[in-house]
Amino acid sequence: RYVSKIKTSFDLSDREEFDIEMFLLLNLTRYHVAANNNRQIDQILTRAERILFKAPKSSFNEKWAVLAAMYELAGFLQKEMKNFQAAVAYYERMQSLPLSDFFRMKYAANLAIVYYDAQENEKSLRYARQSLDIFEK
């Protein structure tokens, strides 16, 4: 509703509306993570995915990192709440994006941290090594 009201008030282009909505969803995710509230995270991410995956290729290429950041935030929240499988599931959703080496490194590092906190040391070590290998390249 907020984005629609802004669009009509300011006569935004579709591109501007897309940008505003993606950043609004990112900030909503940040808010819910800061509030330790995981109840609406799935709805927010589903909306962001729907918007991003329907976007023109140029918009998608410019904003996929926003969705990656949202997955990271959601995974972090679940890890902090000791919902380790849910955290892994959010990080795994990053695989639907064309991850750069930087994000592949972060993906592996995040999984290493989750598995470390879950006391699954073998998996943690494997992902930590994977992250370091990417970092060294």
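Couple of notes before you dig in:
- Helices (runs of 4 or more DSSP H) within the range 13-95 that include 3 or more residues open to solvent by 70 Å² or more (accessible area, probe 1.4 Å): 14-34, 41-54, 57-80
- Scanning the range 90-131 for residues that are farther than 19 Å from Ala69 by Cβ and among the charged types (D, E, K, R), we see that the one that is farthest from the chain's Cα centre (by Cα) is Glu122.
- Among the conditions (1) in contact with an Asp or Glu (Cβ under 7 Å, 6 or more places away or on another chain); (2) of a type outside the set (Asp, Glu); (3) exposed (fewer than 14 other Cβ atoms within 10 Å of the Cβ), the only one that Ile134 does not satisfy is (3).
- Residues that are in a helix (DSSP H, G or I) and either in contact with a helix residue (DSSP H, G or I) (Cβ under 6 Å, 6 or more places away or on another chain) or among the charged types (D, E, K, R) (or both) were ranked within the range 1-12; the one that is modelled with the highest pLDDT is Lys5.
- Selection from the range 47-78 of residues that are closer than 18 Å to Val33 by Cα and basic (Lys, Arg): Arg47
- Residues that are outside any helix (DSSP H, G or I) and either farther than 23 Å from Thr46 by Cα or open to solvent by 70 Å² or more (accessible area, probe 1.4 Å) (or both), drawn from the range 99-122: Ala118, Gln119, Glu120
- A search for C-beta distances below 9 Å between a residue of the range 90-110 that is closer than 15 Å to Leu73 by Cβ and any residue that is surrounded by fewer than 14 Cβ atoms within 10 Å (Cβ to Cβ) and among the charged types (D, E, K, R), counting only pairs 6+ apart in sequence or on different chains, returns Tyr107/Glu92.
The values are calculated or read from the model by the stated rules, or taken from the named source; none is laboratory data. Computed from a predicted structure; not experimentally measured. Note that we place each Cβ from the backbone using ideal geometry, even for glycine, and neighbour counts take in every protein chain shown. Areas reflect the complete protein model, heavy atoms only, side chains present, ligands, DNA and RNA absent. Shrake-Rupley method; radii C 1.70, N 1.55, O 1.52, S 1.80 Å.
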